1. Could you give the length gained on full extension between Q75 and R116, defined as 0.36 nm per residue of separation minus the Cα-Cα distance, in nm?
2. How far apart, in nm, are two points set 7 Å out from the Cα along the Cα-to-Cβ line at K8 and at E63?
3. Amide H of A83: which non-local residues (sequence gap of 5 or more, or other chain) have their own amide H closer than 5 Å, using H built in the peptide plane?
4. Accessible area per residue for the chain in Å², computed with a 1.4 Å probe and the full protein assembly in place, what is it?
5. Roll a 1.4 angstrom probe over the protein heavy atoms and tell me the percent of accessible area of the chain that is carbon or sulfur.
6. Within the chain, what's the longest stretch lacking trypsin sites (Lys or Arg not before Pro) that sit in DSSP loops with no more than 13 other Cβ atoms inside 10 Å?
7. What FRET efficiency comes out for the pair L107/Q23, r = Cβ-Cβ distance, R0 = 35 Å, nearest 0.05?
8. Among 98-104, 12-18, how do they line up from the highest to the lowest mean number of other beta-carbon atoms within 10 Å?
Amino acid sequence: RTVPIAFKLKVTANPEDMRPILQLIRDMQFDGVIAAEDGGKSAQRLSSKDSPQRQQLQQQICERIGYLKQQLGGQVDLISVGAIADVAEAHMRLQAGAALVQVHNALVYRGPLLFRELKQHCVHANS
């Protein structure tokens, strides 16, 4: 039985800071990378879906996901976590190169309706 192992990586603003870690991930042949965006208190301040700051944050995260995918040569599955509030943001992460997304607070606040929306709109978005 093969058990996939993923490396959790806090995604930084500066891609150069991630280079040594990405080399380690390649060298050790991890199966996946959990690309974590720690929104912390800033995520609470950016709760308005239409705020320019939130849109900028989502764009930056997607750029980082694309960078990780490119640097890892598509050999490692990416799981994007953090600061995903709705279907559109989940879809953006998939389009940027994530194989999977994790939602947590959005499910807590929106409940099963969000789950149904995600299944309907994102299930095959990355195929």
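The values are calculated or read from the model by the stated rules, or taken from the named source; none is laboratory data. Predicted, not measured: the structure shown is a model, and the values here were computed from it. Using ideal geometry, Cβ is built from the backbone for each residue, glycine included, and neighbour counts are taken over all protein chains shown. In case anyone asks, the SASA skips ligands and DNA or RNA and just uses the protein heavy atoms, side chains included. Shrake-Rupley method; radii C 1.70, N 1.55, O 1.52, S 1.80 Å.
1. Residue separation times 0.36 nm, minus the Cα-Cα distance, leaves 11.8 nm.
2. Going from the K8 label point to the E63 one covers 2.7 nm.
3. G39
4. Solvent-accessible surface per residue comes out at 63 Å².
5. Of all accessible area on the chain, carbon and sulfur atoms account for 52 percent.
6. 50-127
7. The formula returns an efficiency of 0.50 here.
8. Top of the packing list down: 98-104, 12-18.
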